Structure formats: C-alpha cells, structure tokens
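Asks: There's a structure below that I have some questions on.
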Amino acid sequence: MTLNIRVIAPDRTVWDANAEEVILPSSTGQLGILTGHIPILTALDIGVMRVRITKEWIPIILFGGFAEVENNNITILVNGAEETSEINQNSVQDDLEQATNYLAEAKTNKEKIEATQNLRKARARVQAINVLNN
C-alpha cells in the first residue's frame, strides 16, 4: 500500500506521486506519515518535506501551509515550494550567510519579519541539499 501525495502551490502542482512514507515540517515539529495514518489536518511551517519512494528520500522545500491526511491521501496546500532541482547547490551556503547578515542588520519590524522568513527559507534549502547528499 502507498500514500498518494499532492503538493499544490498557488501557481502549480509541485508534486503528485505515490510514496511509502512522508515526513512533514508541521508547526509543532516533524510529522511522519505512513499508510493507514488516522485522518488529520495540520499547519505546516517553512521547512523540508521528505518523501520516501522505495529506499530513496526526496526532499521538497515547503514555505508554510496546511496538510490534510485521509484514506492514504495527503493533500498539501502551500504558500510556495521548491524542488531541489530548482536550487543552485553551489550558492546555498552563501545565501544562508547573506540571510543571517540581513537579519542582523534589520532595523524595522517589517525588515526583521522579512529577514527572519528569508533566513528560515535559506536554512530549509541547506537542509534539503544535505538530505540529497546523504
């Protein structure tokens, strides 16, 4: 038995495939889903969703949203998402450093909120690349 996973962003369907397991970045921590999971609705944080197909883990970066699990179907509605193929692997560490510096230099509340979101996205990209390289 498998899980049917659909990740839908405002502009496209990011992912639509079957898998054996998924780990979601929920707002309360990592949430693992296997077949036969009870129905739930959960808020998602900025982070990396990991999908296991056979023995391979595939990371997808989610920029917050919601996930519904019911009858081995997982529907994930997100504000945005990135697949690792969209990421420049050579620049993720530099992007993380820039985001960290921008947060340190932020002065207004708006700048601090924006910088914090960008830092969380940069950390998620680094985490996704690390999943790929392990």
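The values are calculated or read from the model by the stated rules, or taken from the named source; none is laboratory data. Since this is a predicted model, take the numbers as computed values, not measurements. Cβ placement follows ideal geometry from the backbone for every residue including glycine, while neighbour counts extend to all protein chains displayed.
Asks: Being small (Gly, Ala, Ser), modelled with pLDDT of 95 or more and farther than 26 Å from MET1 by Cβ is true for just one of ALA99, ALA67, ALA43, ALA104. Which residue is that?
Replies: ALA43
Asks: Among the listed residues ILE87, ILE113, identify the single one that is among the hydrophobic types (A, V, I, L, M, F, W, C) and touching a residue at least 12 places away in the same chain (Cβ under 8 Å).
Replies: ILE87
Asks: With the structure loaded, tell me whether GLN89 is at pLDDT below 90 and assigned to a helix (DSSP H, G or I) or whether it fails that test.
Replies: Spelling it out, it is not the case that GLN89 is at pLDDT below 90 and assigned to a helix (DSSP H, G or I).
Asks: Are any of the residues in the stretch 63-78 farther than 23 Å from GLY29 by Cβ and either in a helix (DSSP H, G or I) or not polar (S, T, N, Q) (or both)?
Replies: No, the stretch 63-78 contains no residue that is farther than 23 Å from GLY29 by Cβ and either in a helix (DSSP H, G or I) or not polar (S, T, N, Q) (or both).
Asks: In the set ASN72, ASN88, which member is of a type outside the set (Lys, Arg), closer than 11 Å to ARG125 by Cα and more than 13 Å from the chain's Cα centre (by Cα)?
Replies: Just one listed residue meets the conditions, ASN88.
Asks: Working only within the stretch 68-115, note down all residues that are exposed (fewer than 14 other Cβ atoms within 10 Å of the Cβ), acidic (Asp, Glu) and over 18 Å from LEU44 (Cα atoms).
Replies: Matches in the stretch 68-115: GLU86, ASP94, GLU97, GLU105, GLU111.
Asks: Residue check, GLN30 against (1) over 17 Å from VAL131 (Cα atoms); (2) under 18 Å from the mean Cα position of the chain (by Cα); (3) exposed (fewer than 14 other Cβ atoms within 10 Å of the Cβ), all met but one. Which one?
Replies: (1)
Asks: When you go through (1) in contact (Cβ under 8 Å) with a residue 12 or more places away in the chain; (2) part of a loop (DSSP other than H, G, I, E, B) one by one for LYS107, which number turns out not to apply?
Replies: (1)
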